[in-house]
């Protein structure tokens, strides 16, 4: 383990279209290489590999796939610099390792359809890490550090020493391993929400920024009365007539960051309502206000 310590201190950037992280000993899933790649898709949590500890699984979100990329670290304990940002952890997950390595990455990389006999390192698609054989309980810790300005570059990218989003802590155990949770709670749902009060606006740790102005689309059709034709255009027009927001204030037109969808602009938000409508790069989404950080 000592020779792998330096490697394990560096978080991996992992993206998953299905929003699931996995950890497994590649030698214990070799029997799946020639199986159809769909062998796990209809009942991932009920597969015999997961039940007996050969495949550790962590869903990220119960809604749409939380693609990422996410920064994930595998280790034997939380680093002291990570502890202040730890906000929750999943139930311990059993893991059996017989070879000298484990694979940490997205669920899409499990063996199947002839692939997976060799798990090469691909950008944001996980990698093989050195690890000692044995029986382990793995605790997935969730870190909430995104509101800290010091961890972001001017291009809205995490700095090199930013904490991971998730830390998988593996502890060796003796004897039989317990069964995994039948319905594990998605990791992103372990982040506690920020509860507003009647006397105080909801505010977040922020970095004041100049709002991004999007170019107007040419040739927009309007009704005979000159009004905006679609509901979406009507919302955007109303947004231009709103008072200027103060730095860090949540409101229509605010630029926000979401842990799953990334950077977006608030299109609709109302006090007393738990959700906000936000335009992200992939389209409009209705999300919980507690998951948004004003930037």
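Only the coordinates and a few stated rules stand behind these numbers; no lab work does. Fair warning: this is a prediction, and the values are worked out from it, not measured in the lab. Here Cβ is always computed from backbone atoms with ideal geometry, including for glycine, and neighbour counts include all displayed protein chains.
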Percent relative contact order of segment 2-190, based on C-alpha pairs within less than 8 angstrom and at least six residues apart? 32 percent
Put in order of increasing Cβ neighbours within 10 Å, starting from the fewest, 96, 159 give 159, 96
Over the Cα atoms of segment 254-295, what radius of gyration and what Dmax do you get, in Å? 9.0, 27
Kirkwood hydrodynamic radius over Cα pairs of segment 75-140, then Stokes diffusion coefficient at 20 °C and 1.002 mPa s, in µm²/s: 153 µm²/s
Projected-area mean, segment 34-118, by convex hull of Cα positions, square nanometres: 7.3 nm²
Between segment 25-92 and segment 131-158, how far is it from one alpha carbon centroid to the other, in angstrom? 15 Å
How are the alpha carbon pair distances in segment 114-161 distributed across 10 Å bins from zero to the largest one, expressed in percent? 16, 27, 34, 20, 2
Hey, what D do you get for segment 2-190 in µm²/s if you plug the Kirkwood alpha-carbon radius into Stokes-Einstein at 25 °C and 0.890 mPa s? 146 µm²/s
Each label sits 7 Å from Cα toward the beta-carbon; between residue 87 and residue 263 the label points are separated, in nm, by 2.1 nm
Counting other beta carbons within 10 Å of each Cβ, put 273, 103 in order, fewest first. 273, 103
